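Can you keep this structure in mind? I'll have questions shortly.
The values are calculated or read from the model by the stated rules, or taken from the named source; none is laboratory data. No experiment lies behind these values; they were computed from the predicted model shown. Cβ: placed from backbone, ideal geometry, glycine included. Neighbour counts: every protein chain shown. The area values use the complete protein model at the heavy-atom level, side chains included, leaving out ligands, DNA and RNA. Shrake-Rupley method; radii C 1.70, N 1.55, O 1.52, S 1.80 Å.
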Amino acid sequence: MDLVLLTKTIIEKLVKHQDAVSVKEYPTVDDNEIKIEIVVDKEDLSMFLENDGRLLRAVKTIVIASSCINLKKQVNITIESY
């Protein structure tokens, strides 16, 4: 299961500026951990942070569940804008 592709697909369906979405995986010291960074347009970022970040938590829940089922690895997801 490609968690980056899964994350990008979900995020692109939620934002107004799909072309501005970037999702990358970064190496970690621990082999049992995956770090994913999401970058979205500045206008779209507020949608993920409002209501105490419920939308971002929902995305994280889906990706983490997929990782637990398929890869048995922990996932750390961050979101930023440019």
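Any idea what angle helix 3-14 forms with the longest principal axis of the chain, computed on alpha-carbon atoms, 0 to 90 degrees, nearest 10?
Tilt relative to the chain: about 20 degrees.
Related question: Using a 1.4 Å probe and counting only protein heavy atoms, arrange Asp41, Asp31, Asp19, Asp2 so the residue with the most accessible area comes first.
My answer, sorted largest first, is Asp19, Asp31, Asp2, Asp41.
Nearest 5 is fine: what % of DSSP beta bridges in the chain come out antiparallel, could you say?
So the antiparallel bridges in the chain amount to around 40 percent.
Which net charge results when you count Lys and Arg as +1 and Asp and Glu as -1 among the other residues whose beta-carbon is under 12 Å from that of Lys24?
-1
Now a separate question. Measuring with a 1.4 Å probe in the full set of protein chains, what accessible area per residue, in whole Å², belongs to the chain?
65
Something else about it: What is the angle, in °, between the Cα long axis of helix 42-70 and the longest principal axis of the Cα atoms in the chain? Nearest 10 is fine, range 0 to 90.
Relative to the chain, helix 42-70 is tipped by roughly 20 degrees.
Answer with one residue from Ile11, Gln74, Val40: the one whose Cα lies farthest towards the positive end of the charge dipole of the chain, charges on Cβ with Lys, Arg +1 and Asp, Glu -1.
Result: Gln74.
Where does the chain land at 222 nm, in deg cm²/dmol rounded to the nearest 500, when only DSSP H runs of n ≥ 4 count, each adding -39500 (n - 2.57), divided by all residues?
-17500 deg cm²/dmol
Something else: Residues with beta-carbon under 14 Å from that of Val40, excluding Val40: net charge, scoring Lys, Arg +1 and Asp, Glu -1?
-3
Same structure, new question: Pull up the cross-link candidates among the lysines for Lys13, meaning alpha carbon to alpha carbon under 19 Å and not fewer than 8 places away within one chain.
Excluding near neighbours in sequence, the set is Lys24, Lys42, Lys60.
Can you sort Tyr82, Tyr26 by 1.4 Å-probe accessible area, starting with the largest?
Values: Tyr82 145, Tyr26 85 Å².
Output order, biggest surface exposure first: Tyr82, Tyr26.
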